[in-house]
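These notes are about the structure you will find just below.
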Amino acid sequence: MIITGRTQIEALSSFDAGDFPATSFYLDTDKGRLAKKEIAVSLKGLLQAGKNRLEASDLARDKKESLAGDLEAIAAFGAQSLGDHNFAGLAIFSCSSKGFLETLDLPHGPRNRIVFDQNFYVRPLLAILEKYRRICVLLLGRREARIYDVHMGGISPLECLTSDVPGRVKHAGFEGSASRRIERNLEAHVLEHFKKASQLAFGLFRTGRFDWLFLGCEDDSNPHAESVLHPYLKERLKGHIKAKTSDAPAKVLKEALELEERLNAEEEAEVVAGLIAELERGGKACSGIKETLQRLNQFEVQSLVVTHNFSREGHVCPNDHFLYLDETVCPVCLKKTVAVTDIIDEAIEKTARRACAVRQVSQPSKLDHYGKIGAFLKYKV
Ligand SMILES: [Zn+2]
């Protein structure tokens, strides 16, 4: 199943396994970046790590058996379907004692991980939803208007409007003034048509149907297209595309995705540039995994900026939950720390749990020169 929206995630997070634990599994299957063999090796490694954790745990036997069943279901899916899997990511949610198994195809590669918990671990899905904003494409022609929904690489038509607008006046001739009057009248018709279309888009906006608006207007010189938009829509207007109302949805989608990618890249570059500027002037920022973890432990992080899928092993104190790279003993409480496979993941979770922003940036970026991770801080260091 392809991930489509928030209701799907809510259904997963409200799944009730009773007393039984459930398994959440995420695998980066982006064949644009990874060889098939690498993906298979990651799958095997995750399953083995899951087995090891199960053996070491002191759960009751029936619960362990349920989790072991989950691992078998994941292994079976991997063996059967991974070869033909053509999405950048895969998520599997299983609770074998309840007969529950759901697989989701993801448009973006997640961090590899396997989580045993009372509930399904859905934060990576939310992060993906956040990355893919819901886009409304409003295409305006002189008579026609079309509205599309573009979300996570897909397009679906929402509205179509045809208005009764007379054709253009081509020859002014000697009856110049009469013709100009007709033209004014005609522009009024077009304006009315644009207003109707804009009203339709505003209706969709009010029901929470989109975050960004892309506008396409056949006649570039037409100054009315933007002026008829409700102020709320103007705020959401992120750019213009060249697509026409008569274009096939696939063409509209291609243009919209190109613009979306460009906007995302610009936003990311802006965040990274802001962080670097702050670092270089010795302001409220830090970089590198060691210092970032330290600032996080001291509650100084305002927002975290991290390279997508950057991963490092590390240690967590089970007592005060402080995060470390190499410390086997917590320097604060002197308890033994626990090794974790991905300390970056722990840092992201900790930041998110404190309701602080996490910005993930795609590679390559200038953040690579600063240890792939950094943070805006609440105070000057
Ligand atoms: Zn400690």
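The values are calculated or read from the model by the stated rules, or taken from the named source; none is laboratory data. No experiment lies behind these values; they were computed from the predicted model shown. Quick reminder, even Gly has a Cβ in these numbers, built from the backbone with ideal geometry, and neighbours come from all protein chains shown. We work out accessible area using only protein heavy atoms, side chains counted, and drop any ligands, DNA or RNA first. Shrake-Rupley method; radii C 1.70, N 1.55, O 1.52, S 1.80 Å.
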To the nearest Å, what is the center-to-center distance of the stretch 80-144 and the stretch 1-71, using C-alpha atoms only? 13
Below 8 Å, C-alpha to C-alpha, sequence gap of six or more: please give me the relative contact order for the chain in percent. 13
Other-chain or far-sequence residues with amide H under 5 Å of Ala22's (modelled H): Asp117, Gln118, Asn119
Whole number in Å², please: accessible area per residue of the chain, 1.4 Å probe, ligands, DNA and RNA not counted. 53
Enumerate the amide H contacts of Leu106 below 5 Å, restricted to partners 5 or more residues apart or on another chain; note that Pro and chain-start residues carry no placed amide H. Ala88, Gly89, Leu90, Ala91
Other-chain or far-sequence residues with amide H under 5 Å of Gln360's (modelled H): Val306
Which one, Gln118, Ala188, Cys136, projects farthest toward the positive side of the charge dipole computed for the stretch 87-239 from Cβ point charges (K/R +1, D/E -1)? Gln118
Once you sort the root eigenvalues of the Cα gyration tensor of the stretch 210-269 as a ≥ b ≥ c, which label holds: rounded (a/c under 1.5), prolate (a/b larger than b/c) or oblate (the other case)? oblate
So for the stretch 101-145, Kirkwood radius off the Cα pairs, Stokes-Einstein at 37 °C and 0.692 mPa s: how many µm² s⁻¹? 235
Defining a contact as two alpha carbons under 8 Å apart and six or more residues distant in sequence, what relative contact order in percent does the stretch 196-320 show? 17
Give me the angle, in degrees from 0 to 90, between the Cα long axis of helix 36-56 and the longest principal axis of the Cα atoms of the chain, rounded to the nearest 10. 50
Does the stretch 49-206 come out rounded, prolate or oblate by the C-alpha gyration tensor, with a ≥ b ≥ c the root eigenvalues, rounded set by a/c under 1.5 and, if not, prolate when a/b is larger than b/c and oblate if not? prolate
Nearest 10, in degrees from 0 to 90: the angle of helix 343-353 to the longest Cα principal axis of the chain is 60
Give me the distance between the Cα centres of the stretch 319-344 and the stretch 206-250, rounded to whole Å. 51
Across the stretch 248-257, in residue order, what do the Karplus-derived ³J(HN,Hα) couplings come to in whole Hz, using 6.51 cos²θ - 1.76 cosθ + 1.60 with θ = phi - 60° and x for Gly and Pro? 5, x, 4, 6, 4, 4, 4, 5, 5, 5
At 0.890 mPa s and 25 °C, Stokes D of the chain from Kirkwood alpha-carbon radius, µm² per second: 102
Expressed as an acute angle from 0 to 90° and rounded to the nearest 10, what is the orientation of the C-alpha long axis of helix 176-206 relative to the principal long axis of the chain? 20
Report the one residue of His240, Asn297, Leu263 whose Cα lies farthest in the direction of the positive end of the charge dipole of the stretch 231-307 (charges on C-beta: Lys and Arg +1, Asp and Glu -1; origin at the Cα centre). His240
Using a 1.4 Å probe over the heavy atoms of the protein chains, calculate the carbon and sulfur portion of the accessible area of the stretch 50-203 as a whole percent. 49
Mind ranking 145-155, 200-210 by how tightly packed they are, going by the mean number of other C-beta atoms within 10 angstrom, highest first? 145-155, 200-210
Straight-line reach from Lys63: which aspartates and glutamates fall under 13 Å, measuring Cα to Cα and dropping same-chain residues less than 8 apart? Asp19, Glu55, Asp117
With -39,500 (n - 2.57) per DSSP H segment of 4 or more residues and division by the full residue count of the chain, the 222 nm estimate, nearest 500 deg cm²/dmol, is -13000 deg cm²/dmol
Return the carbon/sulfur percentage of the accessible area of the stretch 270-381, one whole number, probe 1.4 Å, all protein chains in place. 53
Sticking with the crude label model, points 7 Å out along Cα→Cβ, report the distance from Ser227 to Ser362 in nm, one decimal please. 3.7
Give me the one-decimal nm value for the distance between modelled label points at Ala178 and Lys51, 7 Å along each residue's Cα-to-Cβ direction. 9.0
Under the Karplus relation 6.51 cos²θ - 1.76 cosθ + 1.60, θ = phi - 60°, what is the ordered set of whole-Hz ³J(HN,Hα) values for the stretch 99-108, x standing for Gly and Pro? x, 9, 8, 9, 10, 10, 8, 10, x, 9
Work out the length of the dipole vector of the stretch 248-319 about its Cα centre, built from +1 on the beta-carbon of each Lys and Arg and -1 on the beta-carbon of each Asp and Glu, and round it to the nearest 20 debye. 240
Among beta bridges that DSSP assigns inside the chain, antiparallel share in %, nearest 5: 75
